[in-house]
Amino acid sequence: MEISITINGQVVNADVEPRTLLVQFIRDNAGLTGTNIGCDTSSCGACSIHLDGEAAKSCTVLAVQADGGSVTTIEGMASADGTLHPMQQAFMDNHGLQCGYCTPGMVMAATSLLEENPSATEEEIRIGLEGNLCRCTGYHNIVQAVMSCTKS
Amino acid sequence: MIPAAFEYVRAGSAEEAISLIAEHGDEAKFLAGGHSLVPLMKLRLAQPSVLIDIGRVSDLSYVKDAGDHIAVGALTRHCDVENSPIVMEHAPLLAHATSHVGDPQVRHRGTIGGSLAHADPASDLPATTLALGATYVVQGPNGTREIPAGSFYEGYLTSVLAADEMLTEIRVPKMNGAGWSFQKFNRRAQDWAIVGVAAWRNGSDAGVALVNMASVPVLATSVGSAIASGASIEDAAEQAAAEADPQADLNASVEYRQHLACVLTRRALEEASA
Ligand SMILES: Cc1cc2nc3c(=O)[nH]c(=O)nc-3n(C[C@H](O)[C@H](O)[C@H](O)COP(=O)(O)OP(=O)(O)OC[C@H]3O[C@@H](n4cnc5c(N)ncnc54)[C@H](O)[C@@H]3O)c2cc1C
Ligand code: FES
Ligand code: FES
């Protein structure tokens, strides 16, 4: 099936099988490998992207469902001149990552969360990130990073 | 993990979806948000040969104030239900229970209709709508019919929905200021309930339904009758597992589930009566 998805502002057309997952489309068709596959069962959040402006787990969306839609991945967060998105910078400044595997998904989930609730409290951030697992950090510095981006 | 191959068609309206499913027969399935179906297909526990995508039937995504009840379109996403001012005002138990479904990413995609049609007794919304006395509106080739939540569920992942019928609307009676509580017991964030309780109370009227206490969501009618006849919360809650038929699994034995149902029902009634 011929589909067209705008990824980070760029239209990507491809002829895919209906069973193609959005995460495969992003990684294999668009060649953007910043979006990771962790659990592959919609539990870990490593594959989180923004679909039409809202965080979604791209391992659990069919590419055909996103046809005509707009996707943002971690590669689309920094400005063209390389300046990091404030959330990316906050993860760096707060040591919110160790191995980095969960980080793209964390950044996408956290930005979507603050988009909906710009002045989220620490508790709301912890609950709001419950769909994203991190094996390294113990979450504390991730929560600090996200809190530093809230409007208080 | 990739699903087995299937044919994909998109429906623009409920009528089109129903005629497409009639055309494709038993091997076809509706696809709403895909957050129950796609994981099953990836594990190859489901292998429909045709998917009829109803995710773009946008005129079935709404919340309306309909006088004595609120009407929620079947394709309304969880995030739109939990944040709807109408749901928050007139059915706060539903708004709250919906905010406990999975995580934000799941609630951005999953729909209320998909959750109910999937008929998983471990899901939060079948029991919540059952406690609230909701009615489901279903459309088929021969028109629409209304099914009370109490007559909808037949067994594990099965309901009275015929293969060519589509759930289109959920009608939830207004709670009219009743107290309410939703208790969900699980071990890890984001998990399904090991046992859950959805309850409301308005004086001597009370409704209590249980999550994951049988192959279907369970209406704890004994608890309601005990409250109506003036029993204390403690005594009424002792009846919580009377209608249940729980299974043992990795998380809990039958006895533990029965115990949890009573404890959570007591807490729910205390909160709903406060
Ligand atoms: C990680 C994760 C965690 C979750 N946690 C919870 C939780 O804690 N509690 C909970 O309750 N749920 C949970 N869910 C399930 C979630 O609520 C799903 O969104 C919901 O069960 C299915 O809705 P859907 O729109 O995605 O349906 P789909 O997956 O698209 O469809 C599910 C089934 O219903 C049928 N169907 C869908 N819509 C209709 C309709 N209108 N008419 C007739 N048939 C229809 C489909 O054919 C399919 O068989 C979780 C899901 C995930 C992935
Ligand atoms: S890879 Fe998608 S949620 Fe884990
Ligand atoms: S930094 Fe390693 S999984 Fe989160």
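A few points about this structure:
- Between the helical axis of B:14-24 and the longest alpha-carbon principal axis of chain B there is an angle of about 70 degrees.
- About its Cα centre, the dipole of the stretch B:1-68 is roughly 420 debye, where the only charges are +1 on Lys and Arg Cβ and -1 on Asp and Glu Cβ.
- When +1 charges are put on Lys and Arg Cβ atoms and -1 charges on Asp and Glu Cβ atoms, the dipole computed for the protein assembly as shown relative to its Cα centre reaches about 680 debye.
- Candidates B:H35, B:H108, B:H118, ranked by Gaussian network fluctuation over chain B, Cα under 10 Å, top entry: B:H108
- Cross-link partners of B:K174 among lysines (Cα-Cα below 21 Å; sequence separation of 8 or more within a chain): B:K64
- Binning the alpha carbon pair distances of the stretch B:115-254 at 10 angstrom intervals from zero yields the distribution 12, 40, 33, 13, 1, expressed in whole percent.
- List A:T137, A:T41, B:T128, ordered by accessible area with a 1.4 Å probe, largest first: A:T41, A:T137, B:T128
- Entry note, the stretch B:58-173: relative contact order of 28 percent, from Cα contacts under 8 Å with a spacing of 6+ residues.
- Candidates B:V138, A:P118, A:G100 compared by Cα position along the dipole of the protein assembly as shown: farthest toward the positive end lies A:G100, with charges placed on Cβ.
- Rounded, prolate or oblate (a/c below 1.5 giving rounded, otherwise prolate when a/b exceeds b/c) for the stretch A:1-102 by Cα gyration tensor: oblate
- When only Cα pairs below 8 angstrom with a gap of at least 6 residues are kept, chain A shows a relative contact order of 24 percent.
- Taking a ≥ b ≥ c as the square roots of the eigenvalues of the alpha carbon gyration tensor, the stretch B:122-189 is oblate, as a/c is not under 1.5 and a/b does not beat b/c.
- Calculated over chain B: convex hull of Cα atoms, volume per residue (Å³): 121 Å³
- Highest GNM mean-square fluctuation among A:D15, A:D52, A:D81, for chain A modelled with Cα contacts below 10 Å: A:D81.
- Averaged over the residues of peptide B:32-42, the number of Cβ atoms from other protein chains lying within 10 Å of each residue's Cβ is 4.
- Charge dipole of the stretch B:179-273 (Cα centre as origin; +1 on each Lys and Arg Cβ, -1 on each Asp and Glu Cβ, all else neutral): 300 debye, rounded to the nearest 20.
- Buried accessible area, chains B and A (both chains, 1.4 Å probe, Å² to nearest 100): 2400 Å²
- Only lysines eight or more places from B:K42 in sequence, or on another chain, were considered; those with a Cα closer than 19 Å are A:K57, B:K29.
- Within the protein assembly as shown, helix-based [θ] at 222 nm, where runs of 4 or more DSSP H residues each add -39,500 (n - 2.57), nearest 500: -8000 deg cm²/dmol
- Structural descriptor for chain B: relative contact order 15 percent, calculated from alpha carbon pairs under 8 angstrom and at least 6 residues apart.
- Candidates A:S58, A:S79, A:S42: whichever shows maximal mean-square fluctuation once chain A is modelled as a Gaussian network with Cα springs under 10 Å: A:S79
- Span from the the stretch A:1-49 Cα centroid across to the the stretch B:136-202 one, whole angstrom: 33 Å
- For the protein assembly as shown: rounded, prolate or oblate by the Cα gyration tensor [a/c cutoff 1.5]: oblate
- Rounded to the nearest 10 degrees, the inclination of helix A:103-116 to the longest alpha-carbon principal axis of chain A is 80 degrees.
The values are calculated or read from the model by the stated rules, or taken from the named source; none is laboratory data. Remember, it's a predicted structure, so these values are computed and weren't measured experimentally. Counting neighbours? That spans all protein chains shown, and the Cβs are built from the backbone with ideal geometry, glycine included. Remember, those area values only see protein heavy atoms, side chains included, never the ligands or the DNA or RNA. Shrake-Rupley method; radii C 1.70, N 1.55, O 1.52, S 1.80 Å.
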